[in-house]
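A.B. asks: For reference, the structure I am asking about is given below.
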Amino acid sequence: LNRLGRAWVSVAPEMMVFLIIASIILYLTACGIYFFENPVQPEAFASIFHSLWWAVVTLTTVGYGDVYPVTAAGRAFTGVVVLLALGIIAFPTGLIAAALAEDRKEARTAAGETEE
């Protein structure tokens, strides 16, 4: 847990930038699906605010299936969003993994171990 804490602290600035960018992507995704789906599903995508639920579920790759696109353009947009979501999930994972590896290397160096 100590290593994880140190890793988190070392990537905190990058994570803040990531969260800001992810929030912007979340909003733009909600706007996009609203644009494509509101005319045919006004009850499910009543506003951009209502579309945020779909955006969160899709970007986190949960995909409950309670609200989904039915138009061809909405489905194509969703395909792009799902691919983008994989990157959104992978980016912080890579940051934390790299920071953990660096912390482990520093711990070994401090303990006097050599890398083989």
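A.B. asks: Kirkwood hydrodynamic radius (Cα pairs, Å) of segment 50-116?
C.D. replies: Values: mean 1/r = 0.0680 Å⁻¹.
Over segment 50-116, the inverse of the mean reciprocal pair distance is 14.7 Å.
A.B. asks: Rounded to the nearest 20 Debye, what is the dipole magnitude of segment 46-116 about its Cα centre when Lys and Arg each give +1 and Asp and Glu each give -1 at the C-beta?
C.D. replies: The calculated dipole for segment 46-116 is roughly 420 debye.
A.B. asks: Quick one, could you list the DSSP H helices from the chain stretching 30 Å or more along their long axis (Cα atoms) with average Kyte-Doolittle hydropathy of -0.5 or above?
C.D. replies: Flagged H segments are 12-37, 72-110.
A.B. asks: Could you give the nm distance between label points at Trp53 and Arg6, where each point is 7 Å from its Cα heading toward the beta carbon?
C.D. replies: Each label point is offset 7 Å from its Cα along the Cβ direction, giving 4.5 nm.
A.B. asks: Another question, then. Using bins 10 angstrom wide from zero, how does P(r) for the chain break down, in % of all Cα pairs?
C.D. replies: Per 10 Å bin, starting at 0, the Cα pair percentages come out as 13, 34, 22, 16, 10, 4, 1.
Throughout, read-outs are computed from the coordinates displayed, never taken from laboratory work. The shown structure was predicted, so the numbers you read here are calculated from the model rather than taken from an experiment. We place every Cβ from the backbone using ideal geometry, glycine too, and count neighbours over all the protein chains shown.
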